[in-house]
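Here's the structure we're looking at; comments come further down.
The values are calculated or read from the model by the stated rules, or taken from the named source; none is laboratory data. Since this is a predicted model, take the numbers as computed values, not measurements. Cβ placement follows ideal geometry from the backbone for every residue including glycine, while neighbour counts extend to all protein chains displayed. When the accessible area is computed, the model is the full protein with side chains, heavy atoms only, and any ligands, DNA or RNA have been set aside. Shrake-Rupley method; radii C 1.70, N 1.55, O 1.52, S 1.80 Å.
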Amino acid sequence: MINLGILISGRGSNMEVILKAIKRQKIPINAAVVISNNPDAKGLKIAQKMGVKTEVVESKGFSGTRWEYDQKIINVLQKYGVTEKNGLVCLAGFMRIISSEFIKKYRNRILNIHPAILPAFPGLHSQKQAVDYGVKFSGCTVHFVDDGVDTGPIILQAVVPVSDTDTEETLSKKILAKEHKIYPEAVRLFAEGRIRIMGRKTTITNQGR
Ligand code: GRF
């Protein structure tokens, strides 16, 4: 079975729905570890309550390079069996850019959720970007992580309408509800070996490997 490592920095609501889905909907993946770069992340307590191992690799005050920090994360992942051969890493509100060395080592094994319909509004504050731009629809995207910022092959997207009265806050709430649907679904597809990658496109097959 694949071992899953979830990287968080804060609230951890996506982490929570993924962990719940693994338990309730029997996704064939082992929730091996939740790692936070922030010792105060609320998600750590949620994971512990759910009986999942947690680790903190504090990034505040770390003076090494991005890759040196990521090696500390990788050491923890490996300790829990989340390897480049048998692992899946989910970034779930992990507020750090990860190094190209990390991405290369875990090639096509790192997922991220982004609160916009990529390639629109990459980077930070996507919901505010969407409201300010005046789009009529926005949403969220689960994608593989590649070297760019929010540019990797897209696995799933979900759309929400943006109303005239929406603010960054109200739109974020609507989008988050959709994030909670598609992120666990993407983890299931990965766990079942149903995602094929060709160039920057993915296809979902009915049957796994
Ligand atoms: C989500 O909006 C996600 O799209 C973005 O960061 C936020 C994390 O929220 N990458 P949570 O920690 O999962 O509640």
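Going through region 32-54 one residue at a time, which ones are open to solvent by 30 Å² or more (accessible area, probe 1.4 Å) and either touching a Lys or Arg at 6+ places or on another chain (Cβ under 8 Å) or basic (Lys, Arg) (or both)? Let's see the steps before the verdict.
Residues of region 32-54 that are open to solvent by 30 Å² or more (accessible area, probe 1.4 Å), as a first pass: 38-40, 42, 45-46, 48-51, 53-54.
Matches in region 32-54: Asn38, Lys42, Lys45, Lys49, Met50, Lys53.
In region 1-27, which residue that is part of a loop (DSSP other than H, G, I, E, B) and at pLDDT 95 or above is most open to solvent (accessible area, probe 1.4 Å)? I'd like the intermediate steps shown before the answer.
The first filter runs over region 1-27 and keeps only residues part of a loop (DSSP other than H, G, I, E, B), leaving 1, 9-12, 25-27.
Still in the list and also at pLDDT 95 or above: 9-12.
On the way: Ser9: 15, Gly10: 24, Arg11: 153, Gly12: 7 Å².
Among residues in region 1-27 that are part of a loop (DSSP other than H, G, I, E, B) and at pLDDT 95 or above, the one most open to solvent (accessible area, probe 1.4 Å) is Arg11.
Could you tell me whether Tyr69 is free of Cβ contacts under 8 Å to residues at least 60 places away in the same chain and over 16 Å from the mean Cα position of the chain (by Cα)? First the steps, then the outcome.
On the way: free of Cβ contacts under 8 Å to residues at least 60 places away in the same chain: yes; over 16 Å from the mean Cα position of the chain (by Cα): yes.
In short, yes.
Only one of Arg96, Arg107 is surrounded by fewer than 17 Cβ atoms within 10 Å (Cβ to Cβ), among the charged types (D, E, K, R) and closer than 20 Å to Ile18 by Cβ; which?
Numbers: Arg107 fails: closer than 20 Å to Ile18 by Cβ.
Selected residue: Arg96, the only one of Arg96, Arg107 that is surrounded by fewer than 17 Cβ atoms within 10 Å (Cβ to Cβ), among the charged types (D, E, K, R) and closer than 20 Å to Ile18 by Cβ.
From the list Asn30, Asn14, pick out the single residue that is within 16 Å of the ligand (Cβ to nearest atom) and either closer than 26 Å to Lys181 by Cβ or in contact with a His (Cβ under 9 Å, 6 or more places away or on another chain) (or both). First the steps, then the outcome.
On the way: Asn30 fails: within 16 Å of the ligand (Cβ to nearest atom).
Result: Asn14 is the single residue among Asn30, Asn14 that is within 16 Å of the ligand (Cβ to nearest atom) and either closer than 26 Å to Lys181 by Cβ or in contact with a His (Cβ under 9 Å, 6 or more places away or on another chain) (or both).
From the residues in region 157-191 that are assigned to a loop (DSSP other than H, G, I, E, B) and surrounded by fewer than 18 Cβ atoms within 10 Å (Cβ to Cβ), which one is nearest to the chain's Cα centre (by Cα)? Reasoning before the result, please.
Residues of region 157-191 assigned to a loop (DSSP other than H, G, I, E, B): 162-167.
Filter once more, keeping what is surrounded by fewer than 18 Cβ atoms within 10 Å (Cβ to Cβ): 163-165, 167.
On the way: Ser163: 27, Asp164: 29, Thr165: 29, Thr167: 24 Å.
Checking each candidate, the answer is Thr167.
In this structure, is Gln78 surrounded by fewer than 17 Cβ atoms within 10 Å (Cβ to Cβ), assigned by TED's automatic domain parsing to the domain that holds Met1 and closer than 21 Å to Ile18 by Cβ?
Taking the combined requirement at face value, the residue satisfies it.
Sort out for me the strands (runs of 3 or more DSSP E) sitting completely within region 65-156 that have 3 or more residues that are closer than 15 Å to Ile6 by Cβ, of a type outside the set (Gly, Ala, Ser) and within 16 Å of the ligand (Cβ to nearest atom).
On the way: elements: 87-91, 110-114, 137-144.
Strands (runs of 3 or more DSSP E) meeting the threshold: 87-91, 110-114.
Tally up the residues in region 1-30 that are within 12 Å of Ala92 (Cβ to Cβ) and of a type outside the set (Ser, Thr, Tyr), please.
The number of residues fulfilling the criteria is 14.
Does Arg200 qualify as being closer than 30 Å to Asp132 by Cα and of a type outside the set (Val, Ile, Thr)?
yes
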